[in-house]
Structures are given as structure tokens and as C-alpha cells.
Amino acid sequence: MSLSAAPDELIDSLRRRLAAQALWRSALFFIPPLLAAWYIVFFLYCFAWLGPDAVMATGAAVLIAAAALTGARFHRRAPSRLVAARLADEKSNGEERFVTLATIGDAGPAEFISRLRTEAAAIARRINFRRDFPFRGERAVLNSLIAALAAVIVFQLAFEWLPAWTPAAPDAKLAAAANRLAQATRFADLAADISAAAQKLRQRSLAAEEKQAIVRDALNKIEERIAAEKKRGGDVASLDAAARQINEAAKPESPSMSLLPLRLPWVTRGDGAGGGEGSGQGDGSGAAQKLEGKGGGGKGTGRSKGEASGTKTLDPSRQTKDEPQFAVQSEKRLERPDYLRQDALKQKDGGDKEGRKSAGEKNGDGKGGDINYRAGVNTERKGDTEASGTSGEKTPARLAAPEEKISEQLKEKDLRYVIVQLPEVDTDSASGSREAQRGKSRQAAPSANVPLARPDDPQLAGEKQMLPLEYRGLIR
Amino acid sequence: MDPLEFKEIFSRIEAEIKEVIVDHADIIRKALVAFFAGGHVLLEGAPGLGKTLLVKSLSRALGLSFKRVQFTPDLMPADIIGTQVLSETAGRRDFQFKQGPIFAHLVLADEINRATPKTQSAVLEAMEERQVTAFGVTYPMELPFMILATQNPIELEGTYPLPEAQLDRFFFKLPVQAPTPAELTEILHRTTRPDQQDAGCVLAEGAPAVIARMQLLLRQVLIAPPLEQYVVRLVHATQPNGRANNGAVEQVKNYVRYGASPRGAQSIILGAKGNALVEGRVHVSYEDIASVVYPALRHRVIMNFQAEAENVGADAILESIIASVPRE
């Protein structure tokens, strides 16, 4: 700053200097968060959590946001000419000479303004910009720096510790499944494969697609093994458990996997509608198709027309006009392995009821359909029970078709059955003893190898005959 | 008139008065500033503190005419402004207006609160309009015109406190304090000697014209808009229920009945300008404003009964206002 500068020039120079300082302070306030955000984005990119496009977009967005915020902050703090004049007065003990000059304009006697300017110019010589107006950082800048560092540290620690916190980490799940399978010597080869997959998953440099492929491979191997074991009639419980474990690893709620855009079909279907569909699985037809390796048709058969199930089920070409939707849904269901059914059965009751309702509507009048439907419901309930851990029994795969004979391939344990004894017209019952009536009712209770619906289920009012109070006296 | 000339004349007048009046330098300066700003001054103090002497000395130093009116309960308006008397001129009898004591450059209204409100109000028109209306005829006052009123804060029995409208017409209200022992000693030395000294005349010839130029110069002093805004904020802060005065000081809300009028702001600005000229500046600073806030506003802030009961004065209220109102 020249010592002979006019006071107006001094005020303008001071304002520019203060504005530059304010701009720097605003920029310094937002640079640490910007760098921290870039670091996090770059970190995620390095470990393949974000793609290059996402990194570019995020980085640019953060930069633009920081620039906008810096501009906004600077706009609020940019000094005006009056502020500069005030500071000049303050530093030079100018007794408001600079303020007056900066604001008065030409409103006043010329000789007064001239004299004031002369006095201010003399006082301006006392001002040294470097000494009187040095750049000073704000406390807010330091706070911003500390906050940005803290954010980076927290992110880094969270990144390191997150897998330990979440049991659903995919590599850990796969390792656990491999250990479980390794306990059975016949699955040692499969256990080794899955263990190798788990090892691969631990490499953080893997891309998201690669991780998906590894999990999918593991699941496929187990599915194939389950199918093979079922054909041989072997125990697949440990395989089911391992598959379920791996499947849980692929669930979206797993924090470590939630960032991965998984494309596993059953993972994305765990909504309420899925639950409703799941309720119909107990009809057995879908499962039967699964066993027979056929798709389509599904439970549409025997429901809309009340015909015997199985005939239409196995023939997609004979579907009614309503059936294609069912067929699609059935296909989707059929894609689900057995170990996923329980997941589906855990869905909301509303979904279940909807499923039942829709199934009931489609069932029509046929008796067989009714029985099938109820059996389906019962299967669900058993599934519920199993899921809650109260029973370890395995639900048979499907219901026997009408007049289907039990063969070697289809052993009784693979078929569901329900024996219903319709109440006989007994004239003695009206006047019989209570013991006799109790015996009758006990005899009339249905028996099955699948859990039946509770008699008080309002959906199953047909099973329970409510006796109006006014008729009780007549019967007695 | 040059600012330096103004300062020189002012200093000489101030020095002449200080030759007579012991201490009271601030009162002398404020009274002179009020005079050059065209205002009137209310001096409040106990008897015997030199109020009358101050006014006499001022008139002598300025070389202006001086009249004194002792306000008493039986004083009538005509006793102040004048009346018509029957006079005979060349064998013809006619009513002629005989000017009262108010027709002077400097008028001392001694113990103004002892006169009835009717008489007090007789000076209102003269104070504000610089004219007197008697018997339907308006008589302009000779300029410069200044009323210096005194009132006694004790012996209030039988007095008539000045109404707010009249108080508002006084530019400054200056309290005259009792002298310190040293000042009293000096007073004794000066007043008990055989050769008592009066104030010398500074503006002997053409005093009114010079004073008029000085008054004009005072109004030309520069004041920055931010400083004007500060004055506005100060005056506005005295309003307990003013429009949008949500940030009123708690003491103002509790103790003030009425706040300062726009005349208060005018007094602050003109007083600050006069102070700036006296300090040799052609622009007003915050210090100039701060120096005149108390005399300009203390009689314009009307306290309520609670303030009187708790002995809270206007100066205490103004102090809190100055502390709370930001300069920027």
C-alpha cells in the first residue's frame, strides 16, 4: 500500500484485501470436508465398492457443493466498503473520518469534504496493511479440519471393524458353511470348494460382480448337490443349512453386502407379495414339479375348476386364461430351493392371508381343491413351526394326487396325506351320553402327516360348525 | 466562517466565562453548543450554584442583550411577553404593545417551575417559533434568541412541574452539581475580593451576524449515514412500546413511560455537530454523539411511577441504552 494513497483508494484496497482474506477463510473452511469426502470416495473406489463413474460423479458433486458453499459463505462474509472504512478508522484512530468519506459521497460542503479527505490521507499513512490487517485463520477452519479428520478416521475404523461386527459377512458365512459341511466326510469336496470361495471373497480388491459370481457359484454347487442327494435319498439337512447360511450372506440387510448390487433372484423377492405366494406352496403341486424337474402350470390346476389336481398341473398347454399369471408365479416359486421356503413363510401375515385369499378364490368348489388348499395352509403352519425351532420334522414334498398309488419312488414319507372322516348321521347322538359324543368327535378328528390348521382359524370356517344357541335345546 | 475561526471564537467565549464561573466546564461548553445550535437550555440545580451567574456571563461574553424573569406563582403571561398600554403621542391616545422581558437575546427564566402552567406556556411559542403573539399581533423575536431556564429540584411544594411538551422544547438539560471543596475555595477567592471580575465581551460589534454565521456553519458539519442511524437507534431504544421495538432494554420497559421525541434526535445530531466543531473537526464522530446523548435525552425520557419509587433516574436508563445499542 502506497503511503501517499488517497483515502478512497485506501478504503477500496483494504476492502479487496479483506475480501480476499474472507474468500480464503471460506475456502479453508470447506477444503478439509472436501478432501475428506474425496478420500472416502477414492477409498471406496480402490476397494471396488464404487465404480469409476460413481467416483467421478460423486467427486464432482462434492466439489460443486463445496464451491457453492464456499461462495455462499463468502457472500455472507464479504466486507463492504463501510466495513473496510470502519476497520481503517479503528486501526488508525481516524475518528470516523474514513467512514464519513466512504458514506457521505458529495452530500456536504466541498471545502469540508476536501478538508476531511486531507485529514484522512494524513491518517492513512499510519496504516500498514501487513501489520494491521494480516491474514488470520478462524477457529471455524480449525474445527472444520478436526471434523474432517475425525470423519476420515471414523470411516477408516468403521471400514476395518465392520466385518467383525456383522455376522452376515459373506466370506465368514461361506467359511462357516464350509466348516459345517466338512463335518460330513461325503461333503468334504464341496466344503473345500466353498472354503476356497470364502478365501476368494476375503480379497477386497475383488469387484462387486466377481463377489456376486463367487457367492452364486457356491449356491449353485450346493443346489446341485442337494438335488443329487435327494435323488439318492440321502440326508440333505446339513446341505440345506449350509445353503441357508450362504443365502443369508447374500441378503441385502447384510451391511457388508448391501452395497453390492446383487442380482440373486430370490433375494429381491422377499416382499409381502412374496409371502402371499409362499402360502400357496403347500399345495404340493409346485413341489412336485420341482421334483420332476418341470416348470409352469403350478397350482392353477384343480383350483379354478375344482378338478383333481395334477392333471392340469403337469400340462401347461391346458391352462385357463387366468392360469398364465399363476404359471409365472409358480415358476418363480419353483426356482426357490427348499431352504428358502422357510424364509418366504416368515413373511408378514398380511401377505400370507392375501395369498390364502387369492388361492381360495381360485380354488373354486371342488373338494379336492379345498383339501389341497387346507393342506397348503397346514404346510405353511408347519413351516412356521419349523422355522421357530419347535419341530424338526420334515414336511413331505407334496400331496398325493387323487387315486395316486404309493410306489417305490414315491414313498409314503414323501407324500402328504390328510385323513378326514366326515361326521356320520347318527340319530343316537342327540340323545347319547356325553362320553359317547366325545368318542364320536374324537373319532371324527382329522389325522395327517402335516400340521393342520387350527380349528378356530376364521379363514377355515368350513371346518367348524357353529351351533346357534337357539338350536341347542332342540338337539338335546 | 471557517471551522477554525469558529473554534477560535468559541474558545475565547468559553475562556471568558470560565474566568467567572468556577469549574462547570462541561456545563459551559454544553450551554454554548446549545446556543450555537439554536437551542434552549434547562439548568437544574440547587440554589446558589451559579446558574444565574452563568447566564449573565454568557450574555456578556457574547455581547447580547440579557433579561431575567423570576418566575413566581402570581406571574402572568403578560408579565413575560408584554402587554398593551395606553399611551399618548402628539395628543392622540393609543394602545401600544410594550414588549415583555422575553424580547431579548438571552432570557433567564429563573425557577421556571414556580410559575403556573398558563405562564409557563407563554414562553412555548417564543421558544419554538421565535415569535410572540399578543392581542392578535405576532411579534418576531430578535435573533439569536435563547432561553436559559433554571429549576430547583428541592422545595417542590407549590411548584408546577414543566409539562412534557415544554420540556421537549429544551435542547439540553444540564444538571448543575455542587462544587467540590477545591472549587468552593476558588469560588470564595473570586467572590469575596473587592475587585470582582465580570466576563469580558468577545463579540462586541455585530455579534448577531457573527453568531448567525457560526450557527450556519454548525449545521454544515458532515455526519455519516451510519452515525445518523446510530442516533436513530438510540432514540428509538428509549421507546418502551415503540413500533418494532422488540429489542427494548428491560429497564426501558420497566421504568420509562414515554420515550424521546424526534426533537431528541435533532438535539443529538446538532449537539454532536457543535461538539465536532469545537474539537476542530468538520465531521461527527461517535464520541461527539456520546457526549451529548445524556443532556439531549435525559429530560425527554419520561419515567413512570415505578422508576420514581425505586429512585431510578433517566441517566441510568440512558446508560443501559448506550451500552445495548450497537454502533454498527
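Read-outs throughout are calculated quantities, based only on the coordinates presented, and are distinct from any laboratory measurement. Because the structure is predicted, anything quoted here is derived from the model rather than measured. With ideal geometry, Cβ positions are generated from the backbone for all residues, glycine too; neighbour counts draw on all protein chains shown.
So the values come out like this:
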{"item": "Protection-proxy order for peptides A:215-221, B:291-297, A:225-231, each taking the mean of Cβ atoms within 10 Å per residue, highest first", "result": "B:291-297, A:215-221, A:225-231"}
{"item": "Computed FRET value (nearest 0.05) for B:Glu279 with A:Ile153, which takes r as the C-beta separation and R₀ as 60 Å", "result": "0.50"}
{"item": "Rg in Å to one decimal, and Dmax rounded to a whole Å, for segment A:1-143 via C-alpha atoms", "result": "21.9, 75"}
{"item": "Neighbour cut-off at most 13 other Cβ (10 Å), DSSP loop, chymotrypsin sites (Phe, Trp or Tyr not before Pro), segment B:115-206", "result": "B:Phe135"}
{"item": "Sum of -39500 (n - 2.57) over DSSP H runs of 4+, divided by residues of chain B (222 nm, nearest 500)", "result": "-13500 deg cm²/dmol"}
{"item": "Label-point separation in nm, B:Thr116 to A:Ala60, each point 7 Å along Cα→Cβ", "result": "9.2 nm"}
{"item": "Contour minus Cα-Cα distance for B:Ser320 and B:Lys98 (0.36 nm per residue)", "result": "75.0 nm"}
{"item": "Added length on full extension, which subtracts the Cα-Cα distance from 0.36 nm per residue, A:Glu138 to A:Trp38", "result": "33.7 nm"}
{"item": "Partner chain coverage, peptide A:93-100 - average Cβ within 10 angstrom", "result": "6"}
{"item": "Within chain B, percent of DSSP bridges classed antiparallel, to nearest 5", "result": "45 percent"}
{"item": "Mean separation of Cα contacts under 8 Å, 6 or more apart, over the residue count of segment B:188-321: relative contact order %", "result": "25 percent"}
{"item": "Förster radius 30 Å - calculated FRET efficiency between B:Val232 and A:Ala78 (Cβ-Cβ, nearest 0.05)", "result": "0.70"}
{"item": "Packing-based order for B:118-131, B:59-72, using average beta carbon neighbours within 10 Å, highest first", "result": "B:59-72, B:118-131"}
{"item": "Inter-probe distance in nm under a simple model that places probes 7 Å from Cα toward Cβ, at A:Glu111 and B:Gln220", "result": "0.6 nm"}
{"item": "Cα gyration tensor category, rounded, prolate or oblate, for segment B:150-298 with a/c compared to 1.5", "result": "oblate"}
{"item": "Scattering profile of segment B:1-144 at q = 0.10, 0.15, 0.20 Å⁻¹ [log10 I(q)/I(0), Debye over alpha-carbon scatterers]", "result": "-0.42, -0.83, -1.25"}
{"item": "In degrees, nearest ten, helix B:181-191 long axis to first principal axis of chain B (Cα)", "result": "10 degrees"}
{"item": "Kirkwood hydrodynamic radius of chain B, Cα pairs, Å", "result": "21.0 Å"}
{"item": "Residue among B:Pro117, B:Phe95, B:Met127 farthest towards the positive dipole end of segment B:91-131, charges placed on Cβ", "result": "B:Phe95"}
{"item": "Of B:Lys7/B:Lys56; B:Lys173/B:Lys253; B:Lys18/B:Lys273; B:Lys30/B:Lys56; B:Lys30/B:Lys118; B:Lys98/B:Lys118, pairs whose Cα-Cα distance is over 27 Å", "result": "B:Lys30/B:Lys118"}
{"item": "Enclosed volume per residue, in Å³, of the convex hull spanned by Cα atoms of segment A:77-132", "result": "72 Å³"}
{"item": "Förster-model FRET efficiency, 41 Å R0, A:Leu69 and B:Asp2, C-beta, rounded to 0.05", "result": "0.15"}
{"item": "Those trypsin sites (Lys or Arg not before Pro) in segment A:173-206 that DSSP places in a loop and that have at most 15 other beta carbons within 10 Å", "result": "A:Arg202, A:Arg204"}
{"item": "Neighbouring partner chain Cβ atoms per residue of B:75-82, average, 10 Å criterion", "result": "0"}
{"item": "Averaged over A:84-92, number of beta-carbon atoms from partner chains that fall within 10 Å", "result": "1"}
